[in-house]
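Trainee: Below is one structure. I have some questions about it.
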Amino acid sequence: MADTKTAAPGTTSGSAGGSATSRGYGNMLLRRARELTLVPALILLLVLGAVLNDSFLTERNLISILGASAALAMVVLAESLVLIVGKFDLSLESVVGMAPALGALLVLPAASSGFGTEWPAWAGLLAILIAGAVLGAVNGVMVVRFKLNAFIVTLAMLIVLRGVLVGTTEGKTLFGMPEAFYSLATTTFLTIPMSVWCAAAAFGVAGFLLKYHRWGRALYAVGGNPEAARAAGIRVERVMLGVFVIAGTLAALGGLMQTGYVGAINANQGQNMIFTVFAAAVIGGISLDGGKGTMFGALTGVLLLGVVQNLLTLAQVPSFWIQAIYGGIILVALMIARLTSGRAQD
Amino acid sequence: MSATDAPPRPLLAAEGITKRYGTTMALADGRLAVLPGESHALVGRNGAGKSTLVSIVTGLQTPDSGTVAFDGEPAPPTADRDAWRRKVACVYQKPTVVPGLTVAENLFLNRQPTGRGGLLSWRLLRSRATELLDAWDIRISPEAVTADLKVEDRQMVEIARALSYGTRLIVLDEPTAQLDNREIERLFARMRALQESGVTFLFISHHLQEVYEVCQTVTVLRDARWITTESVADLPYEGLVEAMAGEAAAGRAGGGPEAAARPGPVVGGPVRLAVRGLTGARDAFTNVSFTIRRGEVVGLAGSSASGKIELAETFAGLFPPAAGEAELDGAALPFGDVRAALDAGVGCVPRDRHEQGLVAGMTIADNATMSVLDRLGRFGFVGTGARRNVAGALIERLDIHAEGSEQQVGALSGGNAQKVVMARALASEPKLLVLINPTAGVDVKSKESLLSRVDSAREDGTALLVVSDELDDLRRCDRVLVLFHGRVVAEHPAGWQDRDLIASIEGVHRG
């Protein structure tokens with residue numbers, strides 16, 4: 001590139017232009033390659049798992065990794081969208097618990113500690129998604145319209161929602177919901193749970209729109225330089241608000257998957273999840289400063305952590321230690337991602 | 001200005017523009033007439049009203065009175081951004097591109113070409129971008145990531161984007177401020193090429209030399225008023241400088257009775273600071289050599305991009321230079337280490353008291369003694385009594401109006417806050433005192449008292465380097481060195497005329 005830049009203006013020939021273009025393609029390839037930086041790490045982990053444990057590389061185990069990661073994947077997807085527009089939403093982990101619980105409470109009879117409204121199952125499921133959207137909108141309005149600090153507002157929402165969940169259920173576990181509440185995890189297609197297909201589809205659609213639709217490109221513009229986005233006619237506030245609403249909805253759906261996977265709604269559902277969510281997103285190359293990252297990267301981040309968790313379970317790590325080891329591995333994974341991607345995690 | 005047979009209709013005409021912010025008259029009589037196809041310079045010293053006029057003719061602000069017209073038609077209402085975008089575009093110093101996206105996408109942000117099903121076609125985007133860049137002969141790869149571009153390439157991307165909206169009038173707001181000489185040459189070559197293709201430029205710059213290089217017409221503003229609009233060819237350097245500085249200022253002598261009362265330079269006194277061949281990182285300044293004697297006050301002037309701040313901050317230990325050396329009282333001055341510079345006897349009043357000068361939430365005593373705490377106690381502990389005494393003495397000496405040494409600095413007025421900064425610089429009893437914009441944003445009375453400290457420091461034998469945009473600060477100096485694009489281009493002994501100094505600051509070399 002140096003030669004194209006130092007050549008006197010006016011004397012730059014066609015060949016100089018050509019080299020600039022080829023440099024552009026080189027750049028593009030490099031960028032593509034960066035998206036794949038986690039793939040070797042993922043393969044390495046799979047090989048390692050196969051060597052360490054016979055039952056690791058079996059179809060059953062791999063499907064169980066996917067099934068266990070589906071809910072996390074939905075929340076990582078939600079958080080990644082919020083991060084790309086340059087904002088934060090910590091409260092998603094409480095939405096994972098609160099939204100499905102609200103749907104269950106509306107459906108369950110009073111005898112099973114529900115509200116006693118006994119809505120039909122479909123209405124309850126719809127209520128879950130609407131609850132997620134409304135909670136996202138509340139966060140969005142506070143952060144975008146009223147310009148409150150996203151970190152502390154969504155942290156407060158995290159605590160408030162958790163508290164409301166514990167309060168309304170009086171700490172009890174909700175079970176006995178209609179079959180539809182569990183079907184995402186219990187029904188399978190080609191032996192793989194619906195929740196996995198659903199998460200894969202969500203990632204596919206999100207990744208596609210982010211790359212091939214103006215709406216998706218607007219997220220990057222808003223996160224990269226809001227002033228430039230505004231000057232280009234993008235309604236910056238509206239985009240941010242929309243992303244908060246979508247993120248809330250996706251997290252609620254993730255919560256429903258979790259409910260199906262567990263078979264009940266615990267008052268702790270989703271608790272402490274947000275750390276893993278951020279870790280997966282950052283490992284996957286999503287910038288906390290906004291404007292950077294791809295859905296493919298985020299997905300590899302999720303899978304990486306899913307495999308690690310599975311390996312720890314298979315290795316029969318004492319359950320008292322699993323948290324410390326898991327946290328430590330995430331720390332190491334962050335360092336490795338920093339080294340392999342060769343760029344600062346900002 | 002007399003009417004000829006068929007005067008060309010101006011592409012942009014602004015007449016009788018006034019704009020007032022609160023009690024400040026930002027623009028009392030703004031006029032501008034830019035003819036199609038020319039490069040028109042808009043010049044004036046800081047506060048002359050340039051930015052206000054630009055924001056009005058680019059539709060960012062509505063004037064209190066006056067009219068703006070494009071090609072004879074009245075300007076669209078301020079709210080109609082799309083209409084404005086087709087009339088005029090401004091390339092600001094602050095980038096309005098998204099750094100993480102490619103050049104192609106930035107060119108067509110939020111109007112990317114779509115293919116089937118409303119989906120974006122990257123191929124079409126690339127070919128449109130290539131087409132646009134080729135049409136204006138801008139050699140930048142559409143696939144490059146915008147963050148990796150050089151400043152002048154980024155400016156070209158913004159210009160290309162503006163042209164694609166249909167405007168042929170581009171406002172360049174100090175486009176050369178962040179460029180080095182070679183980059184400026186390349187930018188000018190591109191400007192001339194675009195001009196030949198029919199683009200009209202309104203060029204705002206602090207460097208008069210550049211006006212003569214690329215512009216055909218110049219409009220001068222001074223004190224919020226239109227002064228003149230003339231063909232560059234008919235206006236010699238002196239005339240332009242006089243138009244900018246004003247008759248009154250030009251006639252004012254640098255000396256004056258109060259100046260004569262001060263002690264003159266200590267001719268022949270021992271050299272305190274000797275600088276030889278100092279060159280900054282990224283060529284912010286090159287091959288600077290000078291000496292300052294005991295009790296001598298040397299001024300350093302230059303435009304904002306001249307490198308004067310970088311040079312001064314180098315002495316304070318903020319940046320290591322690329323080459324060259326400096327000696328303070330015969331000992332080599334340590335570079336790149338503020339602590340070491342302080343220990344070597346350099347005091348500094350930094351460029352911006354809010355950013356680098358003060359911790360607003362701490363008390364006057366804390367702030368004033370921050371850099372000398374090791375003298376106030378042992379093993380890192382700070383003796384409260386000793387600190388209070390030192391701070392009290394400084395408050396007294398500098399005439400800081402405060403409730404006491406324990407008052408928070410954030411509550412002080414600008415002038416008193418600056419005195420605290422000065423107090424801290426003096427607390428270490430420096431051999432060399434570097435003052436950067438020492439009177440920026442302070443009231444007249446505080447200014448006098450701050451400048452009188454310069455005189456008393458001089459009597460103590462301190463060597464002083466005063467870097468300032470304010471002519472009043474520089475008037476106290478025994479001599480003023482002028483930096484232009486990183487080089488010392490002139491030295492004015494005390495008693496200089498305002499217009500001579502301004503001329504050399506603006507890069508006008510008078511024969």
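Taken together, the values in this text are just the output of simple stated rules run on the coordinates, not laboratory data. Note that the structure is predicted; figures quoted are calculated from it, not measured. Counting neighbours? That spans all protein chains shown, and the Cβs are built from the backbone with ideal geometry, glycine included.
Trainee: Give me the net charge of A:V95's neighbourhood, meaning all other residues with Cβ under 12 Å from the Cβ of A:V95; Lys, Arg count +1, Asp, Glu -1.
Mentor: Computed value for this residue: -2.
Trainee: Taking the Cα centre as origin and putting +1 on Lys and Arg beta-carbons and -1 on Asp and Glu beta-carbons, what dipole magnitude results for the protein assembly as shown, to the nearest 20 debye? List each step's numbers first, then the result.
Mentor: Values: 76 positive and 79 negative charges, 308 e Å.
The dipole of the protein assembly as shown has a size of about 1480 debye.
Trainee: Have a look at the DSSP beta bridges in chain B and tell me what percent are antiparallel, nearest 5.
Mentor: For chain B, the DSSP antiparallel bridge percentage is about 55.
Trainee: Measure off 7 Å from each Cα along the Cα-to-Cβ vector at A:E227 and B:D343, then give the distance between these two points in nanometres to one decimal.
Mentor: Result: 4.1 nm between the two label points.
Trainee: Which residue, B:H354, A:G327, B:A425, has the largest displacement toward the positive end of the dipole of the protein assembly as shown when charges sit on each Cβ (Lys, Arg +1; Asp, Glu -1)?
Mentor: Highest projection toward the positive end goes to A:G327.
Trainee: Name the residue, out of A:S112, A:S80, A:S69, whose mean-square fluctuation peaks in a Gaussian network model built on chain A with Cα pairs under 10 Å.
Mentor: A:S112
Trainee: Calculate, in nm to one decimal, what A:E237 and A:L312 gain on full extension: separation in residues at 0.36 nm each, minus their alpha carbon distance.
Mentor: Values: separation 75, 0.36 × 75 = 27.00 nm, distance 4.28 nm.
Gain on stretching A:E237 to A:L312: 22.7 nm.
Trainee: Now for a different question. Estimate the FRET efficiency between A:E59 and A:I130 by the formula 1/(1 + (r/R0)^6), using the beta-carbon distance for r and 25 Å for R0, to the nearest 0.05.
Mentor: Working: r = 37 Å, r/R0 = 1.49.
Once rounded, the FRET efficiency stands at 0.10.
Trainee: How far is helix B:151-164 tilted, in degrees, relative to the longest principal axis of the Cα atoms in chain B, given as a value from 0 to 90 rounded to the nearest 10?
Mentor: 30
Trainee: Let me know the charge dipole size of chain A about its Cα centre in debye, to the nearest 20, where only the beta-carbon of Lys, Arg (+1) and Asp, Glu (-1) is charged. Please report the intermediate quantities before stating the final value.
Mentor: Details: 20 positive and 14 negative charges, 223 e Å.
Computed charge dipole of chain A: roughly 1080 debye.
Trainee: Picking from A:L44, A:L161, A:L250, which is most flexible by a Gaussian network model of chain A using Cα springs under 10 Å?
Mentor: A:L44
Trainee: Report the extension gain between A:V160 and A:L42 in nm, rounded to one decimal, defined as 0.36 nm multiplied by the number of residues separating them, less their alpha carbon distance.
Mentor: Values: separation 118, 0.36 × 118 = 42.48 nm, distance 3.68 nm.
Length gained between A:V160 and A:L42: 38.8 nm.
Trainee: What ranking do B:225-234, B:148-157 get when scored by the average of other Cβ atoms within 10 Å per residue, highest first? Display every interim value, and only then the final one.
Mentor: On the way: B:225-234: 15.6, B:148-157: 20.7.
Answer by packing, highest mean first, reads B:148-157, B:225-234.
Trainee: Counting only pairs 8 or more places apart or on different chains, how many lysine pairs in region A:37-341 have C-alpha atoms closer than 22 Å?
Mentor: Working: A:K87/A:K147; A:K87/A:K211; A:K87/A:K292; A:K211/A:K292.
Close lysine pairs found across region A:37-341: 4.
Trainee: Separation between the A:T186 and B:R20 pseudo-spin-labels, each 7 Å from Cα along Cα→Cβ, expressed in nm?
Mentor: For A:T186 paired with B:R20, the spin-label model returns 7.7 nm.
Trainee: Using a Cα distance threshold of under 21 Å, what count of lysine pairs results for region B:12-251 when pairs must be 8 or more residues apart or interchain? Write out the running numbers ahead of the final one.
Mentor: Values: B:K19/B:K50; B:K50/B:K87; B:K50/B:K94; B:K94/B:K150.
Within region B:12-251, the lysine pair count is 4.
Trainee: Then there is this: Using a simple charge model, +1 on the beta-carbon of Lys and Arg, -1 on the beta-carbon of Asp and Glu, nothing else, what dipole does chain B show about its Cα centre, in debye to the nearest 20? The partial results should precede the final answer.
Mentor: Details: 56 positive and 65 negative charges, 179 e Å.
Once rounded to the nearest 20, the dipole reads 860 debye.
Trainee: Let me ask you something else. Take peptide B:106-112, look around each residue's Cβ out to 10 angstrom, count Cβ atoms belonging to other protein chains, and average those counts. All intermediate terms of the calculation are to be shown ahead of the outcome.
Mentor: Numbers: counts 5, 0, 3, 12, 12, 3, 5.
Mean shielding by partner chains, rounded to a whole number: 6.
Trainee: Related question: Hey, fewest Cβ within 10 Å first, where do B:C90, A:C198 land in order?
Mentor: Working: B:C90 21, A:C198 18.
So the residues, fewest neighbours to most, are A:C198, B:C90.
Trainee: Same structure again: Roughly what angle does helix A:59-84 make with the longest principal axis of chain A, taking Cα atoms, 0 to 90 degrees, to the nearest 10?
Mentor: 70
Trainee: Right, here's the next one. What's the exposure ranking of A:M240, B:M25, A:M335, going from fewest to most Cβ atoms within 10 Å?
Mentor: Values: A:M240 22, B:M25 17, A:M335 11.
Sorted ascending by nearby Cβ count, the order is A:M335, B:M25, A:M240.
Trainee: For A:A111 and A:K172 in one chain, what is 0.36 nm times their gap in residues minus the Cα-Cα distance, to one decimal in nm? Could the numbers behind the result be given before it?
Mentor: On the way: separation 61, 0.36 × 61 = 21.96 nm, distance 1.27 nm.
20.7 nm is the gain from fully extending A:A111 to A:K172.
Trainee: Order B:187-197, A:187-197 from most to least packed using the mean count of other Cβ atoms within 10 Å.
Mentor: Details: B:187-197: 17.5, A:187-197: 15.9.
The peptides rank, most packed first, as B:187-197, A:187-197.
Trainee: What FRET efficiency do you get for B:S413 and B:E185 if R0 is 45 Å and r is their Cβ-Cβ distance, rounded to the nearest 0.05?
Mentor: Working: r = 46 Å, r/R0 = 1.01.
About 0.50, to the nearest 0.05.
Trainee: If you build a Gaussian network model of chain A, linking Cα atoms that sit under 10 Å apart, which residue out of A:V164, A:V141, A:V107 swings the most?
Mentor: Fluctuation is largest for A:V164.
Trainee: For chain B, with the dipole built from +1 on Lys and Arg beta-carbon atoms and -1 on Asp and Glu ones, taken about the Cα centre, which of B:L60, B:I505, B:A411 lies farthest toward the positive end?
Mentor: With unit charges placed on the Cβ atoms, the residue in question is B:A411.
Trainee: Assuming R0 = 22 Å, can you tell me the calculated FRET efficiency for the pair B:D137 and B:Y165, based on Cβ-Cβ distance, to the nearest 0.05?
Mentor: Values: r = 19 Å, r/R0 = 0.85.
After rounding, the FRET efficiency stands at 0.75.
Trainee: Using a 10 Å cut-off around each Cβ of peptide B:180-186, what is the average number of partner chain Cβ atoms that fall inside? The partial results should precede the final answer.
Mentor: Working: counts 0, 0, 3, 1, 0, 2, 6.
Average neighbour count from other chains, rounded to a whole number: 2.
Trainee: Moving on to the next point. Shielding by partners for A:205-217, please: the mean number of other protein chain Cβ atoms within 10 Å of each residue's Cβ.
Mentor: On the way: counts 0, 0, 0, 1, 2, 0, 3, 9, 6, 9, 2, 2, 9.
What the average comes to for A:205-217 is 3.
Trainee: I've got another one for you. Could you list A:M257, A:M273 in order of exposure, starting from the residue whose Cβ has the fewest other Cβ atoms within 10 Å?
Mentor: Values: A:M257 28, A:M273 23.
Placing the least packed residue first, the sequence is A:M273, A:M257.
Trainee: Mind giving me the nanometre distance, one decimal, between the label points for B:A233 and B:A147, set 7 Å out from Cα along Cα→Cβ?
Mentor: Modelled inter-label distance: 4.8 nm.
Trainee: Among B:G100, B:L202, B:A28, pick out the residue whose Cα is farthest towards the positive end of the charge dipole of region B:12-251, where Lys and Arg carry +1 and Asp and Glu carry -1 on C-beta, about the Cα centre.
Mentor: Comparing the listed Cα positions along the dipole, B:G100 ranks first.
Trainee: Can you give me the Cα centroid spacing of region B:187-221 and region B:321-347 in angstrom?
Mentor: 42
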